[in-house]
Each structure stands twice: as C-alpha cells, then as structure tokens.
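The values are calculated or read from the model by the stated rules, or taken from the named source; none is laboratory data. Everything numeric in this text was worked out from a predicted model, so none of it was measured. When we count neighbours, we look across all protein chains shown, and the Cβ atoms used for this are built from the backbone with ideal geometry, even at glycine. The accessibility values were calculated without ligands, DNA or RNA, using every heavy atom of the protein model including side chains. Shrake-Rupley method; radii C 1.70, N 1.55, O 1.52, S 1.80 Å.
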Amino acid sequence: MNKILRFLTLTAMLLGFLMPGGIHPVQAQTTFSCTTDVTEIPQLECEALVALYNSTNGAGWWNDTNWLVTNTPSNWYGVTVQTGHVIGLSIISNNLTGTIPAELSNLTSLLELKLFNNKITGNIPNLEANTALQKLILYNNQFTGNVPSWLGNLINLNELFLYGNQLTGFIPPELGNLTSLIGLQLSNNQLTGEIPDELANLVNLRNLGLAQNHLTGNIPSWIGSLSNLGSLELSSNQLTGSIPVELGELSQLWGLGLSGNQLTGNIPSWLGNFNNLAFLTLDHNLLTGSIPLELGNLSNLLKLYLNSNQLTGGIPFELGNLTSLKYLHLENNHLTGNIPLQLGNLTSLQHLYLSNNQLTGGIPSELGNLTSLLVLDLSENRLTNIIPQELGNLIGLTDLTLGYNQLSGSIPAQLGNLTSLRFLMLSVNQLTGPIPVELGSLTNLQTLFLGVNQLSGSIPLELGNVTGLQYLDLSFNLFTGNIPTQLGNSTGMKVLDLSNNLLTGSIPTELGNLTSLGYLSLSNNQLTSNIPPELGNLVILEVLQLNNNQLTGEVPASFTNLVNLYDSGGWYGEDGLDLDYNVLTVPAGYPILGEPLHDFLLSKDPNWHLRQTIEEVIGSGGGEMTSLDGTVNLVILPNAVGDNTTFTFTPQPSPNFNIGRLAFVHNSFLLTALDDLGDPVTIFAQPVTVTITYDLSLIHISEPTRPY
C-alpha cells in the first residue's frame, strides 16, 4: 500500500512539472474501495462522497483534485473533515452535472453543503437526516420540483439559498420552523401562491429574497415584525395591494426591492426614515401620486428606481440631497414641471433616466456638473430651449438621449468633447443649423440619430472619421450638397438613413463598401446620375429605398445579388426595394420572364417600371404620349406647339400641394413642356387633351343626407 502511495505521489509531482497552471489534478483510480482504502472517516460517509462524484460526473469537474485517489478525503477538493467526520462540502462553480445522490443523507455531521453555480438537475434529495446542517447553499443550478417541506426539520439552518433554479409549487409553511435562519433566498424560481404567514416566526432573518417568481396576494404586514431584516427583495412577482405601513418598522433595512409587481397606492413618505437604505426599487408597478420629498433624506441611497409607474407631480428638488446616488430612474411616469437644477448636486450619479414623462422647461446647465455620469436620457418629454453647452463637460458619458422633445437652437460643438460617447440621439426636435464638424471626433460613436429636425448645411466629411458607426439617421432634415464619400469608411454600418432631405449629386460608389448594411434609405432627395453597380455588394441588405429622386440610367444587373431584400409587401406591407418616382430606363419588352434582373425586380418592386418619368419630343405635327402605367394620356393637336417641344411626365407619390377636403385617389403627376430653347411653354395654340383613367373602385361618391 505504501509503495502504491509513493508511486502516486511521485506521479503527481512529475505531472505537476509538466502540466500548466496552478491546479494539477490527479486522475482517479479505476477502482476505489471505501472499505479497504479509507479509514479517516466512516465507510458510509466515504461512500456518500463517492456517490456524489459518480452522480455528478466527477471526471468532468473543472477541479477534482485527489478525489478517489488518496485515502484521506480531507485533502479531496472541497471536502472538510473534522473529528473523523465530513463537516463541509464546498464544490462551487465546478461543472457538476447530473443529480445529487440520496447517499448524501449519510453525512449526518455535515454543517455546510455548498454546491452553487453548477448544472445539477433533478429534485433536491431528502436531507432530513442531516440535522446538523447550518448552511444549505444550492443556488444557480437546475433543480426542479418543489421546495421540500422536510427542510423545516433542519432547525439548525441559518442560511438557505436555493435561488436561480427551476423550483415550482408553494413556499412550504414548514420553513417557519427555521427560527435560526439569518438568510432565506428563494428568488428566481417558478414558485406560486402567497407568502405563508408562518415565515413571521423567522425573527432572526436578516435577508429575505423571494424575487422573480409568480407569487400572488398582498405583501404580508407581518414582515414589519422582522426587526432584524436588512434586505427585503420581492421584485418581479404578481403581488398586489399597497405597500403596508408596517414595513416602516424595519429600521435596519438597507435594501428594499418591490419592483415588477402590481402594487397600487402612493409611495409612502415614511420610506424617508430608512437612514441605512442603499437600494430602493419600486419600478414597474401601478403606483400613483407624487414622489415624496422625504426621499431626499436617504443620504446613503445608491439606487432609486421609481420608473414605469403612474406617478404625477414634479420631481422634488430634495432629491438633489442624495449625493451618494449612482442610479436615478424616474422614466415612464406622468411627471410634470421642470427638471430641478438641484439634480446638478448629484456628482456621484452614473445613470439619470427621466424619459417618457411630461417635463417642461429647459435642460438645466447644472447637469453639466455630473461628471461621473455615464447615461443621460431625457427623451420623450416636452423640453424646450437649447441644448446647454455644459453637457460637453460630461466626458465619461456613453449614452446621451434627448430625442422626442421640443429642443431648438443648434447642436453644441462642445458635444465633440464626449469622446466616450457610443450613443447620441437628438431626433424629433426643432434643432437648426449644421451638424458640428466636432462630432467627427467621437471615434467611439456607434449610433447617431439626428432625424426629424430642421438641420441644414452639408453632411460633414468628418463623420467619415467615426469608422465604428453602425447606425446613422439624418432623415427628415434640410441637408444639402453631396453625400460624403467618406461615409464608406464605416464598414460596420448596419443602418444608413439619409432620406427626406435636399441632397444632390450622385450616389457615392463608396457606399458599396458598407457590406454590413441591412437598411439603406436615400429616398426623397434630389439625387441624380446612375445607380452605382457597387450597391450590389450589399448582399445582406434587407431594405433599399432609392425612390423619389432623379436617378437615371438602367437598374444595375448587380442588384440580383441582393437576395435578402424583402419581397414586395414583405416589409411592414411595403417593398424591400423601392425604385419608384425616378427617371430610370425601363428595358425594352420589360418584363421578360426568365431574365434574371427582370425576375428579381418583379419579386421585389413589381411596379417600379410604371412610376418613372418619361419624356417625349413632339413637333408642330402634333402627337400623343401615355404614362407608363397607362392611366394618363396626352393628345397634342397639330400646330398646338412648335417643333422640338419636350413634354415631361413626372409621376408623384402624392400631391405637392394641400388638397384640402378632396380625396386623393393615388394619381398625382407633374406635366411640363419646354420649347427648343428650354423655356417653359404655358400657352398652346390648339387645345391639349389630358385623359385620366381611374379604377372606379377607388372612387367613393357619397350623397348628402337630407332630413325627411
């Protein structure tokens, strides 16, 4: 036997020199006998350990040092032996799979069982015989079945942590017998029913976690009698009713989580008495009324989540006293009034969310004092006035969201100082002036949304320096000039929307470098020239909108590469490809079935060829022209015009003037005539006949009703 041990020890030493890293596991023996090999602990306890190893795939553990190798279990990884008995098992984050064997109940001297952060499945086995247990910590596994009622017999337990599993059923009332419990954590399971009143016996409890289950009923008032409670976490259940006043007795409370329920009523003002409170989360409920100004007394508060309720009134300026606060979430309520300038005192603040309220007035320049801020979201309010240049002081900011307000004035050049910025959203305001070239310094920027404003000038070439840009939306503004070729530098771009501006010139061939694009819209501009065939490189593109420009020439054959474009009507009822209302050349005989480009266009934008501008030169002998869709016919009588008069028929998606109470039946066009000198022809020597044909199903004629 000693020779075997010396051999194994020498082998372990040699492997230690050869194996990398600090852990040098020794392979288990092919046969291991608790009867002949182990004398340090009783045979039944040894066999329980062997059963655990085999039942949880010990060979696949990250660390199984000395298991089933040496005859001294006290040096097996995670095993603690004292006075000849196993008193502790701590095998955490070690890739245990399978189930816990019933033999573990033979470890009757066990004080601590810690198997958390593994992948153990099945029911929790009956450990009722392990009455010495003080800590049972099995969280973050995959246990199923009920929380066992026999746990109530383990009266020496002071920690019971079963959270992060898939346990179902009710919380057993027998847990109320565990009067030594300090910590009870059952969160993140699938438990149902009400919180049993028997838990009121757990007077020594310091933390109670029942969050992320399906618990129902009211918050029990008896929780207020658990005077030692420091943390109460009931979030993400289906609890109803108001916050019981009895909770105001929990003077030791440092964490209160009630978010994600269906709680009603007001936020109690007595919450301001919890001097130790560091976390207060009441978000995602049905709470009403105003924010109590007494919350400004919580000088140790780090997190305040009141978002997604139905709160009204103003933001109390007293919240500016919470100088330790790091997270302030008040979004998705009905808050009114101004943003208190006192919030500028919260110099520890990292996240400030006030979005989706009804706040008015300007953005306080004092917010520029919040130099620890990472996220500022003031979107979806009714804020007015300018964007304060002091926001350029927030050099650690990663997300700035001010969209969907009524902000005016120009974009401050100082925002170019925010070099950590990843997300900048100023869309849907009333901003004017150019895009500051300084935004080209934001080399970490991934998203830039400036759409639906009144911005003007050209698109800065400097935006090409932001090569990591993935989402760029400049739509619905007044931008002029060419599309910068430098935008082709952002090869990771996923969305590019420059639609509804006044852009001119051609589409840059460099846009063909944006091979990650899924959405490209250049529609409703004044772009000219041919469509570059390089757009055919954008093979993952799902939406391509080039409509309502002045593009000429043929549709590139390379478009057949764009197989991921939505079919006609497949993108929210619209076409994935839109070439309508341009001056594109329709091939002779189109569509020719079997011709690849024709088949492709028929599936993606079947009516593009009916909505292109056409020109016809008609001389003094008269003539006729018909729109491509056949709905408009123009007859020019002889001697109506001189020689070489160019008639241009331009279909339009909608009338370019206010039609008042008239109904639009989807046939709008612009008809012009130019003489051979290029001057407009407005007077004709003979009548010119324009015949418009409608589908009668589009016309609804209603007669006025008359009293009888």
May I ask you to list pairs of residues, at least six apart or on different chains, whose Cβ atoms are under 8 Å apart, with the first in region 331-347 being charged (D, E, K, R) and the second being assigned to a loop (DSSP other than H, G, I, E, B) and open to solvent by 60 Å² or more (accessible area, probe 1.4 Å)? 331/356
Restricting attention to region 304-332, which residues are open to solvent by less than 50 Å² (accessible area, probe 1.4 Å), among the polar types (S, T, N, Q) and in contact with a strand residue (DSSP E or B) (Cβ under 9 Å, 6 or more places away or on another chain)? 307, 308, 309
Which numbered condition residue 94 fails, given (1) of a type in the set (S, T, N, Q); (2) in a loop (DSSP other than H, G, I, E, B); (3) surrounded by fewer than 18 Cβ atoms within 10 Å (Cβ to Cβ): (3)
What about residue 651, is it at pLDDT 85 or above, touching a helix residue (DSSP H, G or I) at 6+ places or on another chain (Cβ under 9 Å) and in a strand (DSSP E or B)? yes
Of all residues in region 627-648 being among the aliphatic types (A, V, I, L, M) and assigned to a loop (DSSP other than H, G, I, E, B), the one that is surrounded by the fewest Cβ atoms within 10 Å (Cβ to Cβ): 637
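Condition check ((1) at positive phi; (2) of a type in the set (Val, Ile, Thr); (3) part of a strand (DSSP E or B)) across all residues:
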residue: 580; (1), (2), (3): no, no, no
residue: 588; (1), (2), (3): no, no, no
residue: 609; (1), (2), (3): no, no, no
residue: 617; (1), (2), (3): no, yes, yes
residue: 625; (1), (2), (3): no, no, yes
Residues of region 542-557 satisfying the condition of being in a loop (DSSP other than H, G, I, E, B) and either open to solvent by less than 50 Å² (accessible area, probe 1.4 Å) or out of contact with any Ser or Thr (no Cβ under 7 Å at 6 or more places or on another chain) (or both): 542, 546, 547, 548, 549, 551, 555, 556
Filter region 520-541 for residues that are in contact with a Ser or Thr (Cβ under 9 Å, 6 or more places away or on another chain) and assigned to a strand (DSSP E or B) and give the result. 521, 530
All but one of (1) closer than 28 Å to residue 367 by Cα; (2) outside any strand (DSSP E or B) hold for residue 472; state the number of the condition that does not hold. (2)
Check residue 438 against each of (1) more than 19 Å from residue 490 (Cα to Cα); (2) out of contact with any Ser or Thr (no Cβ under 6 Å at 6 or more places or on another chain) and name the one condition it does not meet. (1)
Which condition number in (1) more than 17 Å from residue 630 (Cα to Cα); (2) of a type outside the set (A, V, I, L, M, F, W, C); (3) open to solvent by 40 Å² or more (accessible area, probe 1.4 Å) is the one that residue 591 fails? (1)
So if I check each of 451, 468, which one is modelled with pLDDT of 95 or more, open to solvent by 10 Å² or more (accessible area, probe 1.4 Å) and more than 18 Å from the chain's Cα centre (by Cα)? 468
Go through region 654-674 and report how many residues are out of contact with any Leu (no Cβ under 6 Å at 6 or more places or on another chain), within 21 Å of residue 547 (Cα to Cα) and loosely packed, with under 15 Cβ neighbours inside 10 Å. 9
Residues located in region 59-78, provided they are outside any loop (DSSP other than H, G, I, E, B), surrounded by fewer than 21 Cβ atoms within 10 Å (Cβ to Cβ) and touching a residue at least 12 places away in the same chain (Cβ under 8 Å): 59, 60, 74
Considering only residues that are farther than 23 Å from residue 169 by Cβ and not basic (Lys, Arg), which ones fall in region 102-128? 103, 106, 107, 108, 109, 110, 111, 112, 117
Residue under question is residue 217, and the condition is that it be without any contact (Cβ under 8 Å) to a residue 60 or more places away in the chain, within 37 Å of the chain's Cα centre (by Cα), open to solvent by less than 20 Å² (accessible area, probe 1.4 Å) and at positive phi; does it hold? yes
Qualifying residue in region 488-495 (condition: surrounded by fewer than 17 Cβ atoms within 10 Å (Cβ to Cβ) and either of a type in the set (Ser, Thr, Tyr) or modelled with pLDDT of 95 or more (or both)): yes
Residue count, region 328-344, condition of a type in the set (S, T, N, Q) and closer than 20 Å to residue 375 by Cβ, comes to 3
